[in-house]
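**Q** Sharing a structure below in structure tokens format, with a few things to ask.
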Amino acid sequence: MERNGRVPEQGLSIGLNITLPREQKPNRYQNRALHFKYFFARKVMFVKYAIGYVCMPGGFGTLDELFEALTLIQTHKIYPFPLILFGREYWEPLMDFIKNTMLRHKTIDPEDLDYIDITDDPKEVLAIINRHMAKKMKLIKSSKASEMEEGMSKVKNRKPVP
């Protein structure tokens with residue numbers, strides 16, 4: 001968010017903050033801050049408006065938000081978006097557990113790991129999100145085109161009202 005000690009002049013940073021007795025403080029680079037009393041309401045907003053999750057090292061709340069999104073994507077309840085774990089040293093033990101325990105016990109499928117990327121490179125984070133957005137925009141455009149074609153065929157095939 002910060003570049004050369006300055007806040008970028010363009011773009012909007014909206015913070016979804018949770019009221020906690022300790023830990024969570026609003027990011028100083030937020031243009032707008034929304035405050036939530038309950039985690040479930042905050043998670044709904046994250047999932048509804050996210051184009052991707054970039055998970056920084058964190059505690060139980062971070063894991064809760066990550067696994068909630070992963071579960072919703074895995075069960076096809078939401079459209080898939082990138083789940084990016086930033087900081088290999090921090091996240092690799094969790095990924096080892098997922099691979100060596102959950103996968104071995106067949107509590108998840110190997111394809112479920114395809115939803116997660118892990119990196120230490122901010123440029124890679126941006127590239128992953130940009131690739132996702134390009135695919136999503138292509139889907140949206142093709143969806144709108146097919147909806148328009150379908151609508152036009154309905155108009156052409158419409159019977160006149162007597």
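The values are calculated or read from the model by the stated rules, or taken from the named source; none is laboratory data. Predicted model only: the values in this text are computed from it and were never measured. We place every Cβ from the backbone using ideal geometry, glycine too, and count neighbours over all the protein chains shown.
**Q** Which condition does Ile73 not pass, out of (1) closer than 25 Å to Lys135 by Cα; (2) buried (at least 16 other Cβ atoms within 10 Å of the Cβ); (3) at pLDDT below 90, if it passes all the others?
**A** Here Ile73 clears every test but (3).
**Q** Also, I was wondering about something else. For region 74-93, how many residues meet the condition of being over 18 Å from Val125 (Cβ atoms), of a type outside the set (Phe, Trp, Tyr) and touching a residue at least 12 places away in the same chain (Cβ under 8 Å)?
**A** Narrowing region 74-93 to residues over 18 Å from Val125 (Cβ atoms): 74-79, 93.
Then drop every residue that is not of a type outside the set (Phe, Trp, Tyr), which leaves 74-78, 93.
Those left that are additionally touching a residue at least 12 places away in the same chain (Cβ under 8 Å): 74, 78.
Of the residues in that region, 2 qualify.
**Q** Residues being outside any strand (DSSP E or B) and in contact (Cβ under 8 Å) with a residue 60 or more places away in the chain: count how many of those fall in region 27-59. First the steps, then the outcome.
**A** Step one: filter region 27-59 for residues outside any strand (DSSP E or B), giving 27-31, 37-52, 56-59.
From the residues that got through so far, the ones that are in contact (Cβ under 8 Å) with a residue 60 or more places away in the chain too are 51-52.
Summing the residues that are outside any strand (DSSP E or B) and in contact (Cβ under 8 Å) with a residue 60 or more places away in the chain in region 27-59 gives 2.
**Q** Return yes or no: is Thr107 of a type in the set (Ser, Thr, Tyr) and within 29 Å of Met137 (Cα to Cα)?
**A** no
**Q** Any chance region 101-108 includes a residue that's in a helix (DSSP H, G or I) and either surrounded by 10 or more Cβ atoms within 10 Å (Cβ to Cβ) or of a type in the set (Gly, Ala, Ser) (or both)?
**A** yes
**Q** In this structure, does Leu20 turn out to be over 28 Å from Lys135 (Cα atoms) and either modelled with pLDDT of 90 or more or assigned to a loop (DSSP other than H, G, I, E, B) (or both)?
**A** It is true that Leu20 is over 28 Å from Lys135 (Cα atoms) and either modelled with pLDDT of 90 or more or assigned to a loop (DSSP other than H, G, I, E, B) (or both).
**Q** Give me the pairs, please: first residue somewhere in region 113-135 and under 16 Å from Ala69 (Cα atoms) and acidic (Asp, Glu), second residue anywhere and surrounded by 13 or more Cβ atoms within 10 Å (Cβ to Cβ) and modelled with pLDDT of 95 or more, beta-carbon distance under 6 Å, and either six or more positions apart or on two chains.
**A** The qualifying pairs are Asp117/Ile84; Asp117/Ile128.
**Q** Val125 is checked against (1) modelled with pLDDT under 70; (2) in the same structural domain as Leu85 (by TED's automatic domain parsing) and fails just one. What number does that condition carry?
**A** Result: Val125 fails condition (1) only.
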